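The values are calculated or read from the model by the stated rules, or taken from the named source; none is laboratory data. None of these values were measured; they are calculated from a predicted model. Here the Cβ positions follow ideal geometry from the backbone for every residue, glycine too, while neighbour counts run over all protein chains shown. What goes into the accessible areas is simple: the full protein's heavy atoms, side chains included, and nothing from ligands, DNA or RNA. Shrake-Rupley method; radii C 1.70, N 1.55, O 1.52, S 1.80 Å.
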Amino acid sequence: MLMKKSIYLLILCFCMIGCGEKLDLVPEDQLTQDIAFSTKELAMGVLTGAYGNAQVSTALNGLPQLMGDFQSDNIDFVGSFPSLNEIKFYTTLSNNAEVGLVWDSAYEIIGTVNLVIANFPLVDDSDFTQEERDNGIAQAKFLRALMHFQLANWWSQPLQVSGGNDPAVPLVLDPFEGIPTFPARASMNEVYAQVEQDLLEAIPFLSDVDRSRATQGAAQGLLARLYLYQERWTEAADLANQVIQNPAFSLAADYSFYNTLSPEFLFTLVNEPTDPQLGLGFSNLANPQPVGRGDAPYSQDLLDAYAQESGDLRFTSLSQMGPDTSGFTKTFTSKYPDGVTNSDNAPVLRITEMYLIRAEANFRGSTTTGDMPLNDINTLRSRAGLPPLATLDLDTILNERRKELCFEGHRRMDLLRNNMNLRRPGMPNEADSGPGQPKVILPIPVNELDLNENLVQNPGY
């Protein structure tokens, strides 16, 4: 839906780190920056293009999210892609193709939204109201925050290990003006500070009208996630509570909300069969053959976690059996059933996570903002068809997060930020999977190192 209406700019080709020499030629099917921001309609098309870029699998449509689940203990990746097997077995190289694509996709989005932030105030069109400009800039800042956040979490050790002082990724905050710049890597703390600033600046100008775009609830929810990762318990609980109290969002009655614009979602990318979903994402990897590739079934450890309590609707209503890539019958998620056209929506933020954030933050901060942690967890368990718990501990909260959010890209960071190995005892590469081990994070792509002498490689690569 978004991709069909996108307007692509020549300069988007140069928005990533380490771009080449300035060119003077403009292809006939591209728009120059002056033209692209000459009217309200064209300017809004640039913003729409950023959402279109987010739809590719290497951005928000599955690959980074599923990589995190199979680098940890949720998915038993059985595919044949050498680049993905490197990540699974902790043998990743700096020339890994998928790693480079995840990096490039994020910075392409960042480059696009930087153009929006810089140029929306300059559009000379009386029909473009100040409210519309402010909202568009706020959406752009949300996307910039989201992508910097994703990059930092993949390319730097969690702050619980490093104190947040290790190099993360370059912060790119200015639009490309034709002359390449070569920024060094900012620290995790610096990236997180910019993410917080972008979200705080965006929140007042966002609305909750269209959940297929950045909403105020989504910006508050992402900020709550950031605060949770930073162990700022009071602020995390408060932001999550604000979202929960917002009448625009609510828990769905059951689990049929996937691939819809249900009020369950704070933000979801809407895909249609006509959208070119490039690469390997949710629908393609996580479906059994012949619908999908059959690469990403449940791990036995995740199956065992569900088996601890029978009748969990998050398993019984969201799983399917089918052949994996080698023809063996395995259990797969059914959250993304359309492996043919890859038109399943990509969940980015949903209100369920806010209940989990509020529960964990209140529990760890010894507060009761909004509700008791036990009540929040039992609310989610009730929807899952499970009996209420009488007591609560951190392991139980993390287990509920795992069962609620599996195949959506949360497991890796939930383990690392709690100083837990990504793999359980008896699983392959358990010793390699601990926080602080070199290959729980990704390498700076080798071509970026070649282009930008100010970048330094992560240890172990």
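Please report the accessible area of S126 (heavy atoms, 1.4 Å probe, ligands and nucleic acids excluded) in Å², nearest 10.
S126 exposes around 120 Å² with every protein chain in place.
Rounded to the nearest 10 Å², what accessible area does E231 have for a 1.4 Å probe in the complete protein model?
The value for E231 is about 80 Å².
In the range 288-364, what chymotrypsin sites (Phe, Trp or Tyr not before Pro) fall in a loop by DSSP, with at most 16 other Cβ atoms inside 10 Å?
Values: sites: Y298, Y306, F315, F328, F332, Y355, F363; in loops: F328.
Answer in residue order: F328.
For the chain, what is the calculated [θ] at 222 nm in deg cm²/dmol (nearest 500), taking -39500 (n - 2.57) for each run of four or more DSSP H residues and dividing by its residue count?
Rounded to the nearest 500, it is -13000 deg cm²/dmol.
Quick check for you: with a 1.4 Å probe and neighbouring chains kept, what is the accessible area per residue of the range 66-171, in Å²? Intermediate results must be reported in sequence, preceding the final value.
Working: 3090 Å² over 106 residues.
That works out to 29 Å² per residue.
Return an integer: the convex hull volume of the alpha-carbon atoms of the range 382-460, in Å³ per residue. Don't skip to the answer; put the middle values down first.
Numbers: hull volume 11.4 nm³, N = 79.
Value for the range 382-460: 145 Å³ per residue.
So what are the radius of gyration and Dmax for the Cα set of the range 274-315, in Å?
Both quantities, over Cα of the range 274-315: 13.8, 41 Å.
Can you give the FRET efficiency for T329 and E272, using 1/(1 + (r/R0)^6), R0 = 22 Å, r = Cβ-Cβ distance, to the nearest 0.05? Each step should come with its number before you reach the end.
Values: r = 31 Å, r/R0 = 1.42.
Working from the Cβ atoms, E equals 0.10.
Can you give me the three principal axis dimensions of the range 228-339 from its C-alpha atoms, in Å, biggest first?
48, 41, 30
When all protein chains stay in place, what accessible area (Å², nearest 10, 1.4 Å probe) is found for S256?
Near enough 80 Å² of accessible area.
Tell me the Kirkwood radius of the range 62-187: reciprocal of the mean inverse pair distance over distinct alpha-carbon atoms, in Å.
Values: mean 1/r = 0.0594 Å⁻¹.
In the range 62-187 this quantity evaluates to 16.8 Å.
Please list the non-local residues whose amide H lies under 5 Å from the amide H of K330, H modeled 1.01 Å from N, same-chain partners needing a gap of 5 or more.
G322, D324
Would you list the membrane-span-like helices of the chain, meaning whole DSSP H runs whose alpha-carbon atoms span at least 27 Å along their axis and whose mean Kyte-Doolittle value is at least -1.0?
Membrane-span-like by this rule: 97-119, 130-155.
Please report Rg (one decimal) and Dmax (integer) in Å for the Cα set of the chain.
Using the Cα atoms of the chain, the pair Rg, Dmax is 21.3, 68 Å.
For the range 136-249, report the convex hull volume of the alpha-carbon atoms normalised per residue, in Å³, without decimals.
On the way: hull volume 11.6 nm³, N = 114.
Considering the Cα atoms of the range 136-249, their hull volume per residue is 101 Å³.
Quick one: check the C-alpha center-to-center distance for the range 354-426 versus the range 277-348, whole angstrom.
Cα centroid to Cα centroid, the span is 22 Å.
For the range 317-405, compute Rg over Rh where Rg is the Cα radius of gyration and Rh is the Kirkwood radius from the inverse mean 1/r over Cα pairs. The partial results should precede the final answer.
Details: Rg = 16.5 Å, Rh = 15.1 Å.
Ratio of gyration radius to Kirkwood radius for the range 317-405: 1.09.
If you count only protein heavy atoms with a 1.4 Å probe, what accessible area per residue comes out for the range 318-438, rounded to a whole Å²?
On the way: 4300 Å² over 121 residues.
Ligands and nucleic acids excluded, the result is 36 Å² per residue.
Roughly speaking, to the nearest percent, how much of the chain's 1.4 Å accessible area is carbon and sulfur?
On the way: 9060 of 17050 Å².
The value for the chain is 53 percent carbon and sulfur by accessible area.
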